[in-house]
Amino acid sequence: MVKFALVTVAIALGLLAIAEVGLRVLFGFGNPLLYIADDRIGYLLAPNQRTRRFGNRIEINSYSMRFEPISPQPEASTLRVLLLGDSIASGGWWTDLEDTVSARIARLLPGKLGEFGELGDGQIEVLNASANSWGPRNELAYLEKFGYFHARAVVVLINTDDFFTIAPTSLPVGSDRNYPDRKPLLGLTEVIERYVLPEPTIPELDRLHQEKGDRVGKNLAAIEQIHALLAADGIPLILALSPLLREVSPSGPKDYELKARDRLQTLVSTRNIPFIDFLPVFAAMEQPELLYRDTIHPSAEGNRILSDGICQLLITVL
């Protein structure tokens with residue numbers, strides 16, 4: 001009887017070990033991207049991380065960018081662009097390093113810039129400073145803290161939900177399972193916490209999401225401040241707006257979203273900010289739903305369209 005029990009325990013432990021190795025090697029569980037709190041920005045991806053999630057390579061440099069290590073100032077022969085955004089820009093765990101919007105732009109730009117020889121020897125860097133659920137106020141705070149790294153142009157990529165984001169807060173870090181601040185003990189632990197246990201509530205964060213006042217106005221003001229900060233140094237800002245999946249349906253955006261879009265259009269027209277709204281571009285496709293991997297984030301084909309459209313604007317200001 002004792003021998004049978006020991007054999008059973010040994011088999012169970014062996015199966016758990018196999019499962020643990022499989023979860024780590026095949027899916028990257030047990031090694032999630034970590035976040036750190038920041039008083040001004042709210043939160044950042046913890047610097048100097050490297051992992052694979054579901055086979056996708058993810059690297060975070062010392063400036064919390066989804067990019068390889070950089071120096072604050074580029075080589076004289078390098079053309080540098082800075083991309084700011086949320087999970088659409090970062091690509092999340094579902095996008096390989098080479099398939100992010102920033103990486104695609106970096107590959108496209110040399111071909112788009114027919115006279116690039118006058119600008120340098122062909123080296124292009126498109127830095128990617130982004131994090132899940134960032135809004136314009138987070139992006140402004142990042143610029144104020146780190147600067148624009150001597151970029152020749154800055155691109156801010158937002159989606160429709162970003163009109164309504166709250167002020168920067170660090171509350172999710174270490175409390176929300178999507179913003180861990182430490183590695184789980186096991187890959188199995190992460191799977192259970194993410195997919196089995198109910199998501200914990202954060203009452204303080206729920207209260208913040210009831211932010212009063214003109215939230216759209218506050219986020220548009222942040223975009224205007226980004227523009228002013230860059231304009232003081234003669235750096236052009238490009239603004240790109242990615243639509244939600246339901247917006248490309250026949251019903252289109254909701255009334256409050258249309259009002260926010262109108263206010264944004266007034267801002268970019270008044271400040272002469274180069275702007276591309278991808279709603280008509282996506283909606284014109286025969287099957288626009290194929291441009292999405294979920295209700296918010298573009299698929300690989302959606303990222304291709306975003307990158308191409310942003311490149312078209314970049315070549316007008318570089």
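Only a single criterion out of (1) assigned by TED's automatic domain parsing to the domain that holds Asn128; (2) β-branched (Val, Ile, Thr); (3) closer than 30 Å to Leu205 by Cα is not satisfied by Val81, namely (3). Checking Glu190, Glu199 one by one, the residue that is surrounded by 20 or more Cβ atoms within 10 Å (Cβ to Cβ), within 24 Å of the chain's Cα centre (by Cα) and modelled with pLDDT under 95 is Glu190 and no other. Considering the conditions (1) crowded, with 23+ Cβ neighbours inside 10 Å; (2) at positive phi, Met65 is excluded by exactly one of them, (2).
Among the residues of segment 204-221, count how many are among the charged types (D, E, K, R) and farther than 19 Å from Ile158 by Cα. Residues that pass the stated criteria total 5. Checking each residue in segment 15-63 for being farther than 26 Å from Thr169 by Cα and free of Cβ contacts under 8 Å to residues at least 40 places away in the same chain picks out Leu15, Ala17, Ile18, Val21, Gly22, Val25, Leu26, Arg52.
One residue alone among Arg293, Arg271 is within 26 Å of Glu98 (Cα to Cα) and among the basic types (Lys, Arg), and that residue is Arg293. If the condition is being buried (at least 16 other Cβ atoms within 10 Å of the Cβ) and either part of a helix (DSSP H, G or I) or acidic (Asp, Glu) (or both), then segment 282-309 contributes Phe282, Pro288, Leu291, Gly302, Asn303, Arg304, Ile305, Leu306, Ser307, Gly309. A residue that is under 24 Å from Pro298 (Cα atoms) and of a type in the set (A, V, I, L, M) can be found somewhere in segment 201-218.
Of the helices (runs of 4 or more DSSP H) contained entirely in segment 186-278, those carrying at least 2 residues that are over 23 Å from Ala141 (Cα atoms) and assigned by TED's automatic domain parsing to the domain that holds Ile88 fall at 255-271.
Considering the conditions (1) at pLDDT 95 or above; (2) part of a helix (DSSP H, G or I), Val173 is excluded by exactly one of them, (2).
When Pro32 is tested against (1) farther than 22 Å from Gly187 by Cα; (2) modelled with pLDDT of 95 or more; (3) part of a loop (DSSP other than H, G, I, E, B), exactly one condition is not met: (1). Residues in segment 72-90 that are surrounded by fewer than 19 Cβ atoms within 10 Å (Cβ to Cβ) and β-branched (Val, Ile, Thr): Thr78 only. Only one of the numbered conditions (1) under 14 Å from the mean Cα position of the chain (by Cα); (2) surrounded by fewer than 22 Cβ atoms within 10 Å (Cβ to Cβ); (3) of a type outside the set (Asp, Glu) is not met by Gly147, and that is (1).
Of all residues in segment 149-164, exactly one satisfies the criterion of being among the β-branched types (Val, Ile, Thr) and either assigned to a helix (DSSP H, G or I) or not assigned by TED's automatic domain parsing to the domain that holds Tyr256 (or both), namely Thr160.
Among residues that are touching a Ser or Thr at 6+ places or on another chain (Cβ under 6 Å), closer than 23 Å to Ile36 by Cβ and modelled with pLDDT of 95 or more, Gly147 is not included.
The values are calculated or read from the model by the stated rules, or taken from the named source; none is laboratory data. Being a predicted model, the structure only gives us computed values, none of them experimental. Note that each Cβ is placed from the backbone with ideal geometry, even for glycine, and that neighbours are counted across all protein chains shown.
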